[in-house]
1. Roughly how tilted is helix 100-113, in degrees to the nearest 10 and between 0 and 90, from the longest Cα axis of the chain?
2. Which order, highest average first, do 105-113, 63-71 follow once you tally other Cβ atoms within 10 Å for each residue and take the mean per peptide?
3. I'd like the projected area of the chain, averaged over all directions, using the convex hull of its alpha carbons. Report it in nm² with one decimal.
4. Calculate how steeply helix 76-85 sits against the longest principal axis of the alpha-carbon atoms of the chain, using the helix alpha-carbon long axis, and give the answer as 0 to 90 degrees to the nearest 10.
5. Is the stretch 35-137 rounded, prolate or oblate when judged by the Cα gyration tensor, a ≥ b ≥ c being the square roots of its eigenvalues, rounded requiring a/c under 1.5 and prolate requiring a/b larger than b/c?
6. When 23, 14 are ordered from fewest to most other Cβ atoms inside 10 Å of their Cβ, what list results?
7. For the chain, what does -39500 (n - 2.57) per DSSP helix run (n ≥ 4), summed and divided by total residues, give at 222 nm, in deg cm²/dmol to the nearest 500?
8. According to a simple spin-label model (label point 7 Å from Cα along Cα-to-Cβ), what is the distance in nm between residue 180 and residue 219?
């Protein structure tokens, strides 16, 4: 595909409007149009991005090569299958669907049609996470915190689906071993859903991940620490500072290695820009996306296990 990729955005609320603005400034993209059930909002974003606006996703079907779908999660399957059936490539915001069953249907439909399906697990495109993954050899223990203050957006879902699923996906991408056991605790604080949760993920090779997520904390704090066989890595998401700790011997005659600490400053860039650029490249070259449908499905499956364990249903992995 040598010409510009024709793209649309379905759902232009807070996040969808950002998708539209990023596409609008990409030199290799023709942002054809945006869709929203709110006609005024669609027109506003369309005007800002110099593209057409529509009230129904069906109006985009014959106009685009690909779409970003940024609608409520309960509508993901309905909207995604509409475009899959018409051979349109999709970037589907996370989580991939409202239920694992719906997610499986979406993934299988995309695979059957040969359609690109990328799931919007944004943190995989975080420059700090990419650097950490490159330095990591064999992880043994993860300690992950994703804490935020309360905001009214996304309160129709629990903190596991809203925030923790990011770190579940990161851990699953870094551990090359099957998940064996999940235990979790959580509670609601402000909303009717779980607002703070902790999950312990145990893998077949002995790796353990302790993951905490909160949307009712007094301040924002996002950090991942990894203890591996030959190093310790700690990434602060806020300042993109990566701490690397390794034992090193200055001389062969030294009885013990010295503990050497290095602070690596990450060359940061907006992860959403990187994510959308990757999607456009996948559409153009037909390469498999970094975060495909199966990745999104597995992250959702584990998130549901966490939810069940908090509710007291110990079906297991």
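1. The helix 100-113 is inclined about 70 degrees to the chain.
2. 63-71, 105-113
3. Working: hull surface 73.8 nm².
Taking the Cα atoms of the chain, their convex hull projects to 18.5 nm² on average.
4. With rounding to tens, the tilt is 60 degrees.
5. In terms of gyration-tensor shape, oblate.
6. Fewest-to-most ranking of 23, 14: 14, 23.
7. Here the helix-only value at 222 nm equals -10000 deg cm²/dmol.
8. A separation of 3.9 nm, rounded to one decimal place.
Bear in mind these aren't lab numbers, they're just calculated from the coordinates by the rules spelled out. Not measured: the values here are computed from a predicted model. Glycine also receives a Cβ, built like all others from the backbone with ideal geometry; neighbour counts cover every protein chain displayed.
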